[in-house]
Each structure stands twice: as structure tokens, then as C-alpha cells.
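**Student:** Can you keep this structure in mind? I'll have questions shortly.
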Amino acid sequence: METRQVQSGRDLILGLADKANPVDAVAELIWNGLDAEARTVEVTVSIGGLGGPDEIVVRDDGTGMSYADALGGFLVDGESWKKDARFSPNIRRPLHGRLGRGRFLCYALADRVEWRSVAAGTDGHLATTIVGNRSIPNRYDFDGFFHDSPSTRKPPRASAPSPARMQPARR
């Protein structure tokens, strides 16, 4: 596992997250799956003992990110492979994202966020995990190059949400 710093400031990242409401943040995760050519996107919300969301899981069957793609995509604020593309590469679906900031909206949902992605590689399917924390929002832990099988596949998730951030943001 390696830890890398995003080339963006903490205040900018949290400012984006604090302006977003939870619906916008979940919608961004759904759009990311669709931009990755997913045909199915599933959102599951686990309700905790106090009646509020305890965990939000967004699962899709898109192309996934390789470890190298994850490093490139997460570490530079405002850069996205979608910026210069109008359509997804294989099924030619119109793309939604292009600002390179959608991942930061996850901090509107939770203090701890985790992406688990599986991408095709020359040696089969390889899994990559990216973990971020709101307390240090411009730093992510990357773990990758794991061979994936259906028994080890796990979806991305946002857990331990802050109840204050689960309310729609005032604009």
C-alpha cells in the first residue's frame, strides 16, 4: 500500500464537499459508473441503529480503473480523461463528468470513503483499492495489483457518515 497526496488544498476539497448534498454525491458515483460503461449500477443504503444511514454502497459493472489509472485520476485536481472525450471508448455512451472533481463529493456522505475497482489486465482481472478520509481529504491510500475473483470482489463504499452532513446542504 502506498499513500499519495492530491495536488489540491484541503480547504478547496472540503469546500466542494460541503456545498454538495448527499443526493448530488450519490448521483456523481452513479455517473462515474455510467461513464465507465456500466450497464448496471446498484445503490444500497444500510440503516444504522439510530435510523440514519450507516453505509452507502454503489456497485457497478463498468470497466473499472487500473492501479495506474487510479493514481493518475485521483492525484490531480481538475484533470479528467473525460475532459477531451465526448463519448465512452467502447460503447460510445455520452460522458457526464469532465471537471475531475467528482470524487471529492464523497466527503459530503462520509468521513471515510473507499473505492474498490476491478479492471481487465494482461494477467486477468486486477483489483485496486483507494481509501480516503475527510480529516486529510487530499491524501489517499492506494493498494493494487491484486488478482480478482468473484469470491474476493467487493464494491466501493462510504461508511461512518457524519449525521450533520447527511442533511441536504443549505444553498
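The values are calculated or read from the model by the stated rules, or taken from the named source; none is laboratory data. Because the structure is a prediction, the values reported are computed rather than measured. Every residue, glycine as well, gets a Cβ built from its backbone with ideal geometry; the counts of neighbours run over all protein chains shown.
**Student:** Only one of these is among the small types (G, A, S) and surrounded by 15 or more Cβ atoms within 10 Å (Cβ to Cβ): G73, G48, G78. Name it.
**Tutor:** Answer to the check: G73.
**Student:** Let me ask something additional. Going through R101, R93 one at a time, which residue ends up being closer than 26 Å to R139 by Cβ and touching a residue at least 24 places away in the same chain (Cβ under 8 Å)? Reasoning before the result, please.
**Tutor:** Details: R93 fails: closer than 26 Å to R139 by Cβ.
Of the residues listed, the single one that is closer than 26 Å to R139 by Cβ and touching a residue at least 24 places away in the same chain (Cβ under 8 Å) is R101.
**Student:** Moving on. Say whether the condition of being at pLDDT 85 or above and in a loop (DSSP other than H, G, I, E, B) is met by at least one residue in the stretch 66-73.
**Tutor:** Taking every residue of the stretch 66-73 in turn, at least one turns out to be at pLDDT 85 or above and in a loop (DSSP other than H, G, I, E, B).
**Student:** Quick one: which of P94, P150 is at pLDDT 90 or above and over 23 Å from R4 (Cβ atoms)?
**Tutor:** On the way: P150 fails: at pLDDT 90 or above.
One residue alone meets the criteria, P94.
**Student:** Is it the case that R112 is modelled with pLDDT of 90 or more and closer than 19 Å to I56 by Cβ?
**Tutor:** Numbers: modelled with pLDDT of 90 or more: yes; closer than 19 Å to I56 by Cβ: yes.
Considered against the rule, which asks whether it is modelled with pLDDT of 90 or more and closer than 19 Å to I56 by Cβ, R112 comes out as yes.
Yes or no, residue by residue, for (1) more than 16 Å from A27 (Cβ to Cβ); (2) of a type in the set (V, I, T):
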{"site": "G73", "(1), (2)": "yes, no"}
{"site": "K83", "(1), (2)": "yes, no"}
{"site": "P89", "(1), (2)": "yes, no"}
{"site": "R92", "(1), (2)": "yes, no"}
{"site": "G102", "(1), (2)": "no, no"}
{"site": "C106", "(1), (2)": "no, no"}
{"site": "L109", "(1), (2)": "no, no"}
{"site": "V113", "(1), (2)": "no, yes"}
{"site": "S117", "(1), (2)": "yes, no"}
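**Student:** Another one. Of everything in the stretch 16-65, what is part of a helix (DSSP H, G or I), in contact (Cβ under 8 Å) with a residue 12 or more places away in the chain and over 21 Å from P89 (Cα atoms)? Give them in sequence order. Steps first, answer last, please.
**Tutor:** The initial filter retains those residues of the stretch 16-65 that are part of a helix (DSSP H, G or I), namely 16-19, 22-35.
Next cut, in contact (Cβ under 8 Å) with a residue 12 or more places away in the chain only: 16-19, 22-26, 28-35.
Residues satisfying the conditions are L16, A17, D18, K19, P22, V23, D24, A25, V26.
**Student:** Filter the stretch 119-137 down to the residues that are modelled with pLDDT of 90 or more and out of contact with any Phe, Trp or Tyr (no Cβ under 8 Å at 6 or more places or on another chain), then identify the one that is surrounded by the fewest Cβ atoms within 10 Å (Cβ to Cβ).
**Tutor:** Selected residue: S135.
**Student:** Got a sec? Which of A17, A68 is under 21 Å from I136 (Cα atoms) and under 17 Å from the mean Cα position of the chain (by Cα)? Can you show your working first?
**Tutor:** On the way: A68 fails: under 21 Å from I136 (Cα atoms).
None of the other options fit; the residue is A17.
**Student:** Another question, then. Taking the stretch 1-25, which residues are touching a Leu at 6+ places or on another chain (Cβ under 7 Å) and β-branched (V, I, T)? Give the derivation first.
**Tutor:** Step one: list which residues in the stretch 1-25 are touching a Leu at 6+ places or on another chain (Cβ under 7 Å), which gives 4, 6-7, 16-17, 20, 22, 24-25.
Selection gives V6 alone.
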